[in-house]
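Visitor: One structure follows; several queries about it will come next.
Readers should treat all values here as calculations from the given coordinates under stated rules, not as data from a laboratory. All values derive from a computational prediction rather than experimental measurement. Because the Cβ atoms are built from the backbone with ideal geometry, glycine has one as well, and the counts that use them run over all protein chains shown.
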Ligand code: THU
């Protein structure tokens, strides 16, 4: 028997102004689209902005449904749209911003497990890491340089 330890790394920024300008820019898109989230059940609005290598920005917000599991998270709305419209253009970064109508969200909100798996698919497909930045409505911003930091031991096509 043996035990392994897997360590992952995050960079923490105290303020949006500390981020590279291109990331500050997509953060604004994430906040804007967050306001358009359709979240009548959870009142938890999430906005996602994807930055492509050609500079294009693609956004998405969570879409809920009365049949709860039929809804979709912001990250997957955005990344699936990028995969549809710009299938051959690499994704550089993804920025997430989340805000609740019920309380102020000041801790960074990371992507859920299903979204991590979806992001992993695109990172492996393009063979280049995707930077993932995430935050609440206010407060610190976390950055992971690759989905591998958020999803160690990820399931992938090589295992099929
Ligand atoms: N949500 C996202 O959009 N992204 C995540 O990674 C976590 C959760 C949404 C789904 C649902 O509409 C609401 O937040 C509450 O779970």
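Visitor: At 20 °C and 1.002 mPa s, what whole-number value in µm²/s does Stokes-Einstein give for the translational diffusion of the chain, with Rh from the Kirkwood sum over Cα pairs?
Guide: 134
Visitor: Next up: Between residue 67 and residue 124, what's the calculated FRET efficiency when r is the beta-carbon distance and R0 is 35 Å? Round to 0.05.
Guide: Working from the Cβ atoms, E equals 0.70.
Visitor: If the chain between residue 25 and residue 138 were fully stretched, how many nm would it gain, using 0.36 nm times the residue separation less the Cα-Cα distance?
Guide: 39.1 nm
Visitor: With a point put 7 Å past each Cα toward its Cβ, work out how far residue 35 is from residue 114 in nm, to one decimal.
Guide: About 2.8 nm, to one decimal.
Visitor: So what is the 222 nm mean residue ellipticity for the chain from helices alone, if each DSSP H run of at least 4 adds -39500 (n - 2.57) and you divide by all residues, rounding to the nearest 500 deg cm²/dmol?
Guide: Rounded to the nearest 500, it is -8500 deg cm²/dmol.
Visitor: Of the peptides 77-89, 131-143, how do they stack up when ordered by the mean number of other Cβ atoms within 10 Å, highest first? Each step should come with its number before you reach the end.
Guide: Values: 77-89: 16.3, 131-143: 19.7.
The most tightly packed comes first, giving 131-143, 77-89.
Visitor: Next question, about the same structure. If you bin the C-alpha pair distances of segment 1-92 every 10 Å from 0, what whole percents do you get?
Guide: 15, 35, 30, 15, 4, 0
Visitor: Turning to a different aspect of this structure: What does the highest-first list of 12-19, 91-98 look like by mean Cβ count within 10 Å?
Guide: Per-residue mean Cβ counts within 10 Å order the peptides as 91-98, 12-19.
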